[in-house]
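The values are calculated or read from the model by the stated rules, or taken from the named source; none is laboratory data. These numbers were taken from a predicted model, which means no experiment stands behind them. Quick reminder, even Gly has a Cβ in these numbers, built from the backbone with ideal geometry, and neighbours come from all protein chains shown.
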């Protein structure tokens, strides 16, 4: 089983006072990339749901399509 790393998992690293600047920047960059990856995967999964599944989560096909088409960098 693969565990998906979330931005929340990386937050304590960025807050550590003893890290050098390069490490802090690397963690922040990794956090952003992780968030983007999560959004892309979530939106791809949303685009594959059928009407019954969308109804279960309270979305219409149109709402799901609109969200799924958004670029990964948009919140």
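Remarks
- Taken as a whole, the structure leaves residue 14 outside the set of residues that are surrounded by 15 or more Cβ atoms within 10 Å (Cβ to Cβ), modelled with pLDDT of 95 or more, out of contact with any strand residue (DSSP E or B) (no Cβ under 6 Å at 6 or more places or on another chain) and assigned to a helix (DSSP H, G or I).
- Flag for residue 19 being touching a residue at least 12 places away in the same chain (Cβ under 8 Å) and outside any helix (DSSP H, G or I): no
- Some residue of the stretch 38-51 being in contact with a helix residue (DSSP H, G or I) (Cβ under 6 Å, 6 or more places away or on another chain), surrounded by 13 or more Cβ atoms within 10 Å (Cβ to Cβ) and touching a residue at least 24 places away in the same chain (Cβ under 8 Å): yes
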